[in-house]
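Novice: The structure under discussion is supplied below as structure tokens; questions concerning it will follow.
The values are calculated or read from the model by the stated rules, or taken from the named source; none is laboratory data. All figures in this text were calculated on a predicted structure; none of them were measured in a lab. Note that each Cβ is placed from the backbone with ideal geometry, even for glycine, and that neighbours are counted across all protein chains shown.
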Amino acid sequence: MFRISIVVALSMVAASMASTALASDNVDVATTPKNRVNHMRELVTFAVDELDETATSDAKKNAVLFLMRVAWHEGAQLTARRQNGGGPGRSFFQFESAKAKDGVDYAVTKKVIGDLAAAGGSTSKRVEDSAKDLVLGSPWPNGGLIEKLLGGEDEAVDLFGIYLARISLKRIPSSIPTDLDGQAEYWAKHWKVKFDSDADRTAKIKQFKDNATTLDTHL
């Protein structure tokens, strides 16, 4: 039993050291699409391996693929951590404050707030305290930690955004579909959510699928 405890403790230390190293290892938005994709996939895979530890290999691969497709689409092919036109979207996943708060609150509920905080090189208390200032329909608070980690300023940490995105998606009862059509609908229903009209929803889903097809050429 004691030996097992030591092994578990060492594994936790190794994981913490790995996440700390990755926390300072952001995607270079100025490099080639192939390099951006490869780098992002390493970070996403690391996050999924930790947060979906008991999932099957196929389920993990599917989660990685969907997260990659969302980030590629939302983040202008992994080149933008801030929404174009001065909008509130932050990180490659384009979090707004309310969605970020929901994700942090769920991390607390599921007792993975420590993993989320470590991914951002921070502490559970600092992340939880920052989330308290996030209000539905309100802009990001000035100087807030979570916005900074998501790319509001130079302190962006891509791994934090990835962890928050995966945790946020875990709030959804239904599993991530395995086909592109299903994933596009899943994105529209659970991530994008709001559209100007039915026609706009149809057009945005097509854009998601087109972007996914482009991404797949770099995977």
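Novice: If you check Ala76, Ala119, which single one turns out to be under 15 Å from the mean Cα position of the chain (by Cα), at positive phi and not charged (D, E, K, R)?
Specialist: Exactly one of Ala76, Ala119 is under 15 Å from the mean Cα position of the chain (by Cα), at positive phi and not charged (D, E, K, R), namely Ala76.
Novice: Taking the stretch 93-110 on its own, how many of its residues are within 19 Å of Leu134 (Cα to Cα) and either without any contact (Cβ under 8 Å) to a residue 24 or more places away in the chain or not small (Gly, Ala, Ser) (or both)?
Specialist: Pass one, the stretch 93-110, residues within 19 Å of Leu134 (Cα to Cα): 93-109.
Of the ones still in play, those that are also either without any contact (Cβ under 8 Å) to a residue 24 or more places away in the chain or not small (Gly, Ala, Ser) (or both) are 93-96, 99, 101-102, 104-106, 108-109.
Of the residues in the stretch 93-110, 12 are within 19 Å of Leu134 (Cα to Cα) and either without any contact (Cβ under 8 Å) to a residue 24 or more places away in the chain or not small (Gly, Ala, Ser) (or both).
Novice: I'd like the residue in the stretch 202-213 that is surrounded by 13 or more Cβ atoms within 10 Å (Cβ to Cβ) and touching a residue at least 60 places away in the same chain (Cβ under 8 Å) and, out of all such residues, is nearest to Tyr186 (Cα to Cα).
Specialist: Phe208
Novice: A further question on this structure: Would you be able to tell me the number of residues in the stretch 111-150 that are surrounded by 16 or more Cβ atoms within 10 Å (Cβ to Cβ) and either touching a residue at least 60 places away in the same chain (Cβ under 8 Å) or β-branched (Val, Ile, Thr) (or both)?
Specialist: Total meeting the criteria: 10.
Novice: Among the candidates Leu78, Leu145, Leu67, Leu136, which residue alone is hydrophobic (A, V, I, L, M, F, W, C) and farther than 19 Å from Ile162 by Cβ?
Specialist: The match here is Leu136.
Novice: Continuing with this model, one more query. For the stretch 166-179, how many residues are buried (at least 16 other Cβ atoms within 10 Å of the Cβ) and touching a helix residue (DSSP H, G or I) at 6+ places or on another chain (Cβ under 6 Å)?
Specialist: Looking only at that region, the number is 4.
Novice: Count, please, the residues in the stretch 190-201 that happen to be surrounded by fewer than 13 Cβ atoms within 10 Å (Cβ to Cβ) and within 21 Å of the chain's Cα centre (by Cα).
Specialist: 2
Novice: While we're here: Tell me yes or no: at least one residue of the stretch 31-39 is under 15 Å from the mean Cα position of the chain (by Cα) and either part of a helix (DSSP H, G or I) or at pLDDT 95 or above (or both). Even if it seems obvious, please write down each step before you answer.
Specialist: Of all residues in the stretch 31-39, those under 15 Å from the mean Cα position of the chain (by Cα) come to 37, 39.
Narrowing further to those that are either part of a helix (DSSP H, G or I) or at pLDDT 95 or above (or both): 37, 39.
Among the residues of the stretch 31-39, at least one is under 15 Å from the mean Cα position of the chain (by Cα) and either part of a helix (DSSP H, G or I) or at pLDDT 95 or above (or both), which makes the answer yes.
Novice: Within the stretch 83-99, which residues are over 13 Å from Trp191 (Cβ atoms) and crowded, with 24+ Cβ neighbours inside 10 Å?
Specialist: Correct list: Arg90 only.
Novice: Return yes when Leu116 is assigned to a loop (DSSP other than H, G, I, E, B), aliphatic (A, V, I, L, M) and out of contact with any Gly (no Cβ under 7 Å at 6 or more places or on another chain) and no when it is not.
Specialist: no
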